[in-house]
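Report on the structure given below.
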Amino acid sequence: MRQRIAVIGGGPAGLAFARVLHRHDHPVAVFERDPAPDARPPGGTLDLHEGLGQLALSKAGLLTEFQALSRPEGQAMRILDTDGTVLRDWRPGPDDRANPEIDRGQLRDLLLGPLDVQWGRGVTQVVPGTRDGVLVHFEDGRQETFDLVVGADGAWSRVRPAISSATPHYTGVTSVETSLDDVDTRHPDLARLIGDGSVSVYGVNRSLVAQRNSGGHVKVYAKFRAPLDWHTDVDPADVEAVRSSLLAVFDGWAAPVLELLRHGTAFVHRPFHVLPVAHTWAHTPGVTLLGDAAHLMPPLGAGANLAMLEGAELAESLATGSGDPDEAVRAFEEQMWERAGKWAKITTAGLERLVSPDPTEALALFDQVQPS
């Protein structure tokens, strides 16, 4: 008799988990609180690493399709001084596919494929250990029971409280995101500044990063150290007021760099929260976590990669194993905790260096991982 399995959350972790189970003809119920796939902007581009996100796609049988969609040229990276001087200009080789970029929306659609996601099914509570299994309470008032519930529902997971009392805390670093559309036609100077990949500028306790997506779309991220309520006196819906506040934060930087903010069409506040670096929990039969729900860390390129690989590995273990499914989950958790803990340490230290009182720390960090 096959287990009744549910995954809560339709992000990279949950979809990778469901897609690998689907490949092995194992049924899975996918619940997502968003009412539709395109209910909100999917976010920017992701670089999928060979041994992490790309490995997950291989387990799902999607690597070839990913390679057709991805942008290896997006690995290019340029770093400027605040006066506009080019400090580093890395460009990938013609056969470099270590970390190609893909838009989040494209990745979502790739993973969705034939999956039957139940949209608009937000979860309010998960209760393990009931007579019929794990009880899931939904926002619409309905309840369902499963043998295994996988929480892949992000930073503010509704599944996590069933097995852990940990809650995310603010890092002291916030990000404000904006976008540029049709950059090659409308802003050719900025298109040249950004290049095929990204351009980053590091100052004292702040940075500006612009990253090319497909179709001439660019995401711009203003990151800086500030109290969580730094924007209390600014109406987030007032685009010009937010723009003025950001230009004040980056006052004195080179004019071409500030054009990235001057041409932004809307601004979204995204403070960085994290879970404890070594977040673990007492194993609870019938419930486990993936991705940000399990190990929320600074967004420095590891989170989505880890989440996808975790989803694929757990699904593969459940679908192909012949032993006790609960023991498979327990073994998976031990492996996840060890790997995620290492990455959490790396990304936490990385954030300290990338948004630092000493901007040379950011440059030194990139030189370590991508020598000039």
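The values are calculated or read from the model by the stated rules, or taken from the named source; none is laboratory data. These numbers were taken from a predicted model, which means no experiment stands behind them. Cβ atoms come from the backbone with ideal geometry, glycine included; neighbour counts cover every protein chain shown. The accessibility values were calculated without ligands, DNA or RNA, using every heavy atom of the protein model including side chains. Shrake-Rupley method; radii C 1.70, N 1.55, O 1.52, S 1.80 Å.
Given (1) assigned to a loop (DSSP other than H, G, I, E, B); (2) open to solvent by less than 60 Å² (accessible area, probe 1.4 Å), identify the lone condition not met by Pro94.
(2)
When only residues in the range 34-62 that are part of a helix (DSSP H, G or I) and open to solvent by 50 Å² or more (accessible area, probe 1.4 Å) count, which is nearest to Tyr221 (Cα to Cα)?
Top of the filtered list is Leu55.
Just give me the residues in the range 258-277 being touching a helix residue (DSSP H, G or I) at 6+ places or on another chain (Cβ under 8 Å) and either open to solvent by 60 Å² or more (accessible area, probe 1.4 Å) or not in a loop (DSSP other than H, G, I, E, B) (or both), in sequence order.
Matches in the range 258-277: Leu258, Glu259, Leu260, Leu261, Arg262, His263, Thr265, Phe272, Val274.
If you go through the range 285-292 one residue at a time, do you hit one that is among the polar types (S, T, N, Q), in contact with a strand residue (DSSP E or B) (Cβ under 8 Å, 6 or more places away or on another chain) and at pLDDT 95 or above?
There is at least one residue in the range 285-292 that is among the polar types (S, T, N, Q), in contact with a strand residue (DSSP E or B) (Cβ under 8 Å, 6 or more places away or on another chain) and at pLDDT 95 or above.
Take the conditions open to solvent by 30 Å² or more (accessible area, probe 1.4 Å), of a type in the set (S, T, N, Q) and over 19 Å from Ala331 (Cβ atoms) and apply them to Thr280. Does it pass?
no
Filter the range 283-297 for residues that are among the hydrophobic types (A, V, I, L, M, F, W, C), within 18 Å of Gly10 (Cβ to Cβ) and open to solvent by 10 Å² or more (accessible area, probe 1.4 Å) and give the result.
Passing the criteria: only Leu296.
Tell me whether the range 315-330 contains one or more residues that are touching a residue at least 12 places away in the same chain (Cβ under 8 Å), open to solvent by 20 Å² or more (accessible area, probe 1.4 Å), part of a helix (DSSP H, G or I) and among the β-branched types (Val, Ile, Thr).
There is at least one residue in the range 315-330 that is touching a residue at least 12 places away in the same chain (Cβ under 8 Å), open to solvent by 20 Å² or more (accessible area, probe 1.4 Å), part of a helix (DSSP H, G or I) and among the β-branched types (Val, Ile, Thr).
Condition check: under 12 Å from Leu115 (Cα atoms), modelled with pLDDT of 95 or more and of a type outside the set (Ser, Thr, Tyr). Does Ala6 satisfy that?
no
Quick check on this structure: which one of Val183, Val176, Val150 is within 30 Å of Trp337 (Cα to Cα) and open to solvent by less than 60 Å² (accessible area, probe 1.4 Å)?
On inspection, the qualifying residue turns out to be Val150.
Considering only the range 211-242, state which residues are part of a loop (DSSP other than H, G, I, E, B) and surrounded by 15 or more Cβ atoms within 10 Å (Cβ to Cβ).
Asn213, His217, Ala226, Trp230, His231, Val234, listed by residue number.
Of all residues in the range 99-122 being open to solvent by less than 10 Å² (accessible area, probe 1.4 Å) and among the hydrophobic types (A, V, I, L, M, F, W, C), which is farthest from the chain's Cα centre (by Cα)?
Leu111
What are the pairs with Cβ atoms under 8 angstrom where one residue, in the range 165-188, is closer than 17 Å to Phe224 by Cα and the other, located anywhere, is hydroxyl-bearing (Ser, Thr, Tyr)? Sequence gap at least six, or different chains.
Ser175/Tyr221; Val176/Tyr221; Glu177/Tyr221; Thr178/Thr265
I'd like the full set of residues that are farther than 20 Å from Thr174 by Cβ, out of contact with any Ser or Thr (no Cβ under 8 Å at 6 or more places or on another chain) and charged (D, E, K, R), limited to the range 187-241.
Those that are farther than 20 Å from Thr174 by Cβ, out of contact with any Ser or Thr (no Cβ under 8 Å at 6 or more places or on another chain) and charged (D, E, K, R): Asp189, Arg192, Asp196.
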